[in-house]
Amino acid sequence: MACVCRALCIYLILAHATAASSAAVNNISVYWGQNADEGSLEKACGTGRYAMVIMAFLSVFGSGQTPALNFAGHCDPSAGGCAGLRDHIIACQSMGVKVLLSLGGGRGSYGFSSSSDAKGVATYLWDTFLGGSGDTSLRPFGEAVLDGIDLAIASNSSQSHYDDLAHNLTSLYNGDKSGRYLLTAAPWCLYPDASLGPALTTGLFDHVWVQFYNNPSCQYNPRNESILRSAWDQWAQALPSANYGGITLWSRYYDEASGYSVKLTGKADPPSGSLIPGGSGNAPPRKKMIIIYIVAGTSGLFGVCVILLTILLWYKKRHGMMPWHRGSRNVPRLESFLQRQETSHPKRYTYSQVKRMTKSFAHELGRGGYGSVFRGNTPDGREVAVKMLKDTDGDGEEFMNEVASISRTSHVNIVTLLGFCLQGSKRALVYEYMPNGSLDRYTFGNNSEGDQNLSWDMLFDIVVGIARGLEYLHNGCNTPIVHFDIKPQNILLDQDFSPKISDFGLAKLCRQKQSKISIAGMRGTVGYIAPEVFNRSYGAVSSKSDVYGYGMVVLEMVGARKQIDVSTDSSSKYFPQWLYENLDQFCGATTCEINSGTTELVRKMIIVGLWCIQFRPTDRPSMSKVLDMLESNTVDLQMPPN
Ligand SMILES: *[C@@H]1O[C@H](CO)[C@@H](O)[C@H](O)[C@H]1NC(C)=O
């Protein structure tokens, strides 16, 4: 969930609380706990800008696992190091701020195996965080009693029984006379949510804050606001009792960096033309109209951005539709907000600028089914690679969506998109320049440019780097980004041979063409496309399809480094199959030139590679698992079944 984002993002809340009218106008909630630089919990509450602070996350629970908290660098829960939060929670509550605990997050390990598993977790939550158990010594925050539970469940796998959790937790809530406990959820914007869908329809949730970001098919897009509108309508219709809203921010860190809630609450320096409708809170809630607040990425300096946020104030159930459909005076207001949100990253260039940057396309770096890549310099002197896309049939809309999804990422193992050009049929992407080219230069053995062989240590570091980049794409953002086209040509190497994944997000744009290229790949034998991409009956297309491509790349790297031995034998056999059957022989033959530490690395790469290319997507490990495997000892690694 710790998505780093440079485009703008919206976090919409549709809350459906029945007792709406007593809430303050400035009903802002914020997630806290995933960035050690965001300041303490108590300090967050002390700003007086938040009605609720949601501690994130309980990232391990269910399926017999020992539940575990994760508050990033704030404290170490495993060593009881988070006990100090007790005083913070109590301080927050004394300031009138509710403190919730969020379950899930992008990097956790969680899910229920059965209804009774869910029930067990409900009881655990009740006893451990909500005061159920009298024995405070068993509770990580001692005497402090939280105000409720939030579900931020990544919907990238089909996970069920959250409705059971909601039922069981609410029945525990109901057994308590104070009536203080809340149940909230933060589903992703695609409706219905794969994991929380059934739970949300129980009507047991006090607030539902829909994350209108991280998914191009439903997030805010400055060039096509109808995407957000139709997603919004879907949620509004699905939860028809929505009659009240607020604003939820991910996260406290970015809120502080952007000063967003300061502006919103008007508690400090309200900007002229403040967006706060009414402002005072005295007017009857029903008269308040909806407003969308949007924060554009403001910290591009650090390559980072604000995620998040926002939304709907006082919406009346009886309207049965969203305010912008009413043709009222609010509509122009909404339009102007939307218009303001032109992103400044990445930069948009005109075609003539692109031409100038590349000196009229003088230096071609490479060519593929998508078009050609040229070397160039931006006006401020930065070295760049400019990818000119062949004319595509789609309209510019799709291209822009892809640009938006690329620019949402920021990771050392993902290439940085600096700019783009969209002018008529001319489409270009401007990337940082990678002096060492793409991985295929090294894996295919076409090392005409001299000795391009990389050492085993370097190869291993590259393998780990790619895994980190992919893991980030799959888990680092709220919505997994599936690359669909992992292959050596798309792995670029910087001056230190650190790998950077490129062209992700363009997969959709170019998928068909590029698939053909991959299949007819240079070796003619190894395809990087997972079987389920060809034939859905083999399983659902998912991030596991990238895992397959990754596995092939890894095996390719191993094989290319050592192609001499393999070529004779594998000509008649599928290389991975050969490797599977001859692992010891391969490692043995290879090690004559290397020490035993390196053998270890090679063996590890092969085993991981083989796991990743398992035929059934469900048999393949996730990228997080892959990273675990790469970091573990070889002796602990089992050979895959097939
Ligand atoms: C827990 O949830 C299950 C499934 O929703 C339900 O059958 C059971 O009655 C619930 N138990 C309690 C105590 O609410």
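Go through the stretch 174-197 residue by residue and tally those that are part of a helix (DSSP H, G or I) and either within 10 Å of the ligand (Cβ to nearest atom) or in contact with a strand residue (DSSP E or B) (Cβ under 7 Å, 6 or more places away or on another chain) (or both).
1
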### Query
Regarding Ser178, is this residue of a type in the set (Ser, Thr, Tyr), at pLDDT below 90, over 30 Å from Thr618 (Cα atoms) and over 29 Å from the mean Cα position of the chain (by Cα)?
yes
### Task
Starting from the stretch 159-183, take each residue that is in contact (Cβ under 8 Å) with a residue 24 or more places away in the chain and closer than 19 Å to Gly105 by Cα and list its partners that are within 8 Å of the ligand (Cβ to nearest atom) and small (Gly, Ala, Ser), counting only C-beta distances under 7 angstrom and pairs at least six apart or across chains.
His161/Ser115; His161/Ala118; Leu165/Ala118; Leu165/Ala122
### Task
Confirm whether Pro222 is at negative phi and assigned to a loop (DSSP other than H, G, I, E, B).
yes
### Query
What is the number of the single condition among (1) closer than 22 Å to Lys98 by Cα; (2) at pLDDT below 85; (3) within 16 Å of the ligand (Cβ to nearest atom) that Leu200 does not meet?
(2)
### Summary
By residue number, the members of the stretch 101-141 that are modelled with pLDDT of 90 or more, under 23 Å from Asp76 (Cα atoms) and assigned to a helix (DSSP H, G or I) are Val121, Tyr124, Leu125, Trp126, Asp127, Thr128, Phe129
## Note on the structure
Of the residues in the stretch 106-164, those that are among the β-branched types (Val, Ile, Thr) and within 14 Å of the ligand (Cβ to nearest atom) come to Val121, Thr123
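The values are calculated or read from the model by the stated rules, or taken from the named source; none is laboratory data. Only a predicted model underlies this, so the values are computations on that prediction, with no experimental measurement involved. Ideal geometry is used to build each Cβ from the backbone, glycine not excepted, and the neighbour counts take in all protein chains shown.
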